[in-house]
Structures are given as structure tokens and as C-alpha cells.
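The values are calculated or read from the model by the stated rules, or taken from the named source; none is laboratory data. All of these numbers come straight from a predicted model, not from anything done at the bench. Backbone-built Cβ (ideal geometry, glycine too); neighbour counts: all protein chains shown. Calculation scope for accessible area: heavy atoms of the full protein, side chains included, ligands and nucleic acids excluded. Shrake-Rupley method; radii C 1.70, N 1.55, O 1.52, S 1.80 Å.
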Amino acid sequence: MPTTHLDPIDHLLAGNRVYAARTSSRNPNAFTDLAKGQSPEILWIGCADSRIPETTVCHCKPGDIFVHRNIANTVHADDINAASVVEYAVTFLKVRKVVVCGHTKCGGANAALGDADLGVTLNTWLHPVRE
Ligand SMILES: [Zn+2]
């Protein structure tokens, strides 16, 4: 469904309409069922890289995986965002497995292996990985 001539947001909205129509066509109760809640068995901590959408690459459905993604799939000791995701997943969703998944050609991991100045935010983020 590449529609490179569309505005990126228009592309998203068009894709969402296709997804909603196909999903409802295949399972008329799909969205009603999803609205009832979630009980994923897996927490996935992955990279924010656009090429690695966990649900797609693992051939899973919405509701199958609770997700936290960031640059270079890292969990810092003082990262309240990641900590809250892990705590919610383990304590309340009672996931059975936690997956920390890297990937080949990870720009974040490659950057962390080097010492290039990436600016304050990215240097700070990658610092624990660089150590
Ligand atoms: Zn990556």
C-alpha cells in the first residue's frame, strides 16, 4: 500500500481505514472484543526503528503483545517510563514473558558503539549503552 504521493498523515489515515474495514470484514466483533480489555502474555521491549513492528514481524494480533519501544531497545535504571511499563505489565497484566529484542542494522546500537556527538538528548540516552 505504498502511497508516497500522499501526505504522511493522510497515508496513515487511509491505511487505518483499510485496516478497520478489513478487520471488521474478517471479524465483525474484533473491535468490540478489543475494547473489553487486554491480556497479553508478552511484554516486548524493542527498538523504535520503523522497520521492526513487533506485531507484524511476529505475526501477532492487536492485544497479543504489550509494547515499550525506544531507541536501541534499552532500559535504564532511572527510566520511569520503562519502569512503569514493566511494572504495569508484570503486576497488572501479569505477562508471562518479557522480551528485550534488538535487531540488525540498529542505528541506535551502532551509534552507541561509536563516540560521535549526537546532541545532548541522544548522547544522554545512549550514555548507559556506551559504557
Ligand atoms: Zn534499532
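Observations
- Sites listed here are trypsin sites (Lys or Arg not before Pro) in the stretch 1-93 whose DSSP assignment is loop and whose Cβ has at most 15 other Cβ atoms within 10 Å: 36, 51.
- Förster radius 30 Å - calculated FRET efficiency between residue 129 and residue 18 (Cβ-Cβ, nearest 0.05): 0.20
- For the chain, built as a Gaussian network whose Cα springs stay under 10 Å, the top-fluctuating residue of 42, 65, 80: 80
- Gained length - residue 81 relative to residue 36, 0.36 nm times residue gap less alpha-carbon distance: 13.7 nm
- Carbon/sulfur fraction of accessible area - the stretch 38-102, other protein chains in place, 1.4 Å, %: 57 percent
- Of the trypsin sites (Lys or Arg not before Pro) found in the stretch 75-106, those that fall in a DSSP loop while having at most 13 other beta-carbon atoms within 10 Å are 94, 96, 105.
- Note that the chain presents 70 Å² accessible area per residue, ligands and nucleic acids not counted, probe 1.4 Å.
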